[in-house]
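Q: Following this message is one structure expressed as C-alpha cells.
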Amino acid sequence: MKLVSVIIPTYNREVLLPRAINSVLTQTYGNFELLIIDDGSTDSTEKLIHDYMKKDSRVKYYKQNNQGESSARNLGVSKAKGDFIAFLDSDDEYLPEKIEKQLSLFKNSKIKNLGLVGSSGIIRKGGREFIDTPSVRGPFLEKILERCFVFPTSLLIKREAVVYKKFDIKIKQGPDWDMWIQIAEDGFGFDFASDPLYKYYFHEESITKKTSLLKKTNDLEYIFKKHKDSFLGKPAIYQRTLRHIGKEYILASDIERGRYFLKKALKINDRDRKARAIYLFSFLNGLGTLSINGLSIILTITNKLGQK
C-alpha cells in the first residue's frame, strides 16, 4: 500500500485543529502519516498534539519558531516519507473517503504524467454553503496562470511533483498558487474526483483577511514577474494579468503603479475596453480612496458595451 503524508501547518488553532486532525484519523484509507507542523504556537497546541500522539502512532509533531505558513509547509515536505503528499489547512477538514478516492484516481486516470489530483469540495462562507468543482483535466499551465483554481486542502500530490520544490516564503498571499504554477511548468498533469471530498471554511482570522489589498497586489506582481516567461507564452493571459494587476493597484490606492500596468495592457491591446475604463476611472476620484462599488459599476457598463 502506498504511504500518504498528510501535512497540517498550524498556528494558535487549538480550538479548530481537532476537527482537522480527526478528519484525517477517520479516513477509510489507513496507510498514512500525519505530520503536524506547529509554527510557533503560544496556546495549548503542543499539549493537544501530544495527547493525539499517545493514542495514534501515525501522528507526528514538529515545532519551529514562527516563520509563516509557507515555511511550515516546507518543513512538512522535508520530513514526509510518503509516496504521495497532501496538505490540510488546520481550519479545514477532509471527508472520510478523500485519500482513498484520490489514490484510486491516480491509479486509474488516463491523464499523462499525472502529478496532482483534486476534487470537488464543500465551501462554507458567510453562513452559506456551496460546491466548488475544478474544470480542467490534463495539462493545466494555462488555467493555473489565469487563476488559482484549487485549494491546498483539495489536493493529493505525487511525491516527485513537489518534493524538490519549495513554497516561496516571500509570498504571503498566494504561495500555493506559485507552487501549482511551478508544478505545471514541469509538465505534470491534473485530474480531479467529481465527488466532494473536503470542506473549506472561510474565517475572519484567515490569512486572506489579514493581508491588506496593497500587500496582496504586491505578491500578485511578484508571482507574475517570477513566472513571466510562462505568462509571455500565453499572450492573452499575459495581457489580462497586466490589466488585473493594474486594477488591484488602483483599488489599493497606488494609482501610479496601477496606471503603469494598465498602460502596459493597453499597449498590447488598445481595444481592451476594461483596461481603458479602469484607467479613466483612476482619474475620477483623486480626493479619497477609490470605490470598489464605483469600479464595479464602470466595468458592468463596459461589459454591456460589448467587452468580452
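Q: Determine the percent antiparallel among the DSSP beta bridges restricted to the chain, to the nearest 5.
A: 35
Q: Answer rounded, prolate or oblate for segment 105-184, using the Cα gyration tensor with square roots of eigenvalues a ≥ b ≥ c: rounded when a/c is under 1.5, else prolate when a/b is larger than b/c, else oblate.
A: Working: a/c = 1.80, a/b = 1.14, b/c = 1.58.
Oblate is the answer for segment 105-184, as a/c is 1.5 or above yet b/c matches or exceeds a/b.
Q: Find out how many positive minus negative residues lie around Glu100, taking Lys and Arg as positive, Asp and Glu as negative, among other residues whose Cβ is under 14 Å from that of Glu100.
A: Neighbourhood net charge equals +2.
Q: Would you mind estimating how fast segment 124-232 diffuses translationally, via Stokes-Einstein at 20 °C and 1.002 mPa s with the Kirkwood radius over Cα pairs, in µm²/s?
A: 140
Q: Moving on to the next point. If you find the alpha carbon centre of segment 224-280 and of segment 4-69, how far apart are they in angstrom?
A: 41
Q: Something else about it: On a 28 Å Cα-Cα criterion, which of the cross-link pairs Lys112/Lys143; Lys55/Lys172; Lys110/Lys170 come out too long?
A: Lys55/Lys172; Lys110/Lys170
Q: Follow-up. Need one word for segment 52-135: rounded, prolate or oblate. Basis is the Cα gyration tensor (sqrt eigenvalues a ≥ b ≥ c); a/c below 1.5 gives rounded, then a/b vs b/c decides.
A: oblate
Q: Assign unit charges at the C-beta atoms only (+1 for Lys and Arg, -1 for Asp and Glu), then state the dipole size of segment 53-104 relative to its Cα centre in Debye, rounded to the nearest 20.
A: Dipole size: approximately 420 debye.
Q: Rank-order 82-88, 212-218 by packing density, defined as the average count of other C-beta atoms within 10 Å over each peptide's residues, highest first.
A: 82-88, 212-218
Q: Would you mind computing, in nm to one decimal, how far apart the modelled labels at Asn113 and Ser253 are, each placed 7 Å from Cα along Cα→Cβ?
A: 4.6
Q: Of Leu105, His50, Cys148, which is farthest along the charge dipole of the chain in the positive direction, counting Lys and Arg as +1 and Asp and Glu as -1 at C-beta?
A: Going by the charge dipole, the pick is Cys148.
Q: Using a Gaussian network model of the chain with C-alpha springs under 10 Å, which one of Ser57, Ser23, Ser41 is most mobile by mean-square fluctuation?
A: It is Ser57.
Q: Okay, moving on. If I stretch the segment between Ser135 and Asp270 completely, what's the gain in nm (0.36 nm per residue apart, minus their alpha carbon distance), one decimal?
A: Working: separation 135, 0.36 × 135 = 48.60 nm, distance 3.04 nm.
Fully extending the segment from Ser135 to Asp270 adds 45.6 nm.
Q: Return the inverse of the average 1/r over all pairs of distinct C-alpha atoms in the chain, which is the Kirkwood hydrodynamic radius, in Å to one decimal.
A: Averaging 1/r across every pair of different Cα atoms and inverting gives 20.8 Å.
Q: If you don't mind, there's one more thing I want to ask. With only Lys, Arg, Asp and Glu charged, each at its Cβ (+1 for the first two, -1 for the last two), find how big the charge dipole of the chain is about the Cα centre; round to the nearest 20 debye.
A: Its charge dipole is roughly 1120 debye.
Q: Tally Lys and Arg at +1 and Asp and Glu at -1 over the other residues with C-beta under 12 Å from the C-beta of Ser70: what net charge comes out?
A: -1
Q: As I understand it, the dipole of the chain uses +1 on the Cβ of Lys and Arg and -1 on the Cβ of Asp and Glu, about the Cα centre. Which of Leu197, Phe32, Pro18 lies farthest toward its positive end?
A: Working it through, the farthest residue towards the positive pole turns out to be Leu197.
Readers should treat all values here as calculations from the given coordinates under stated rules, not as data from a laboratory. Keep in mind that this is a model prediction, so the values were computed, not measured. FYI the Cβ positions are ideal-geometry reconstructions off the backbone, even for glycines, and counts take in every protein chain you see.
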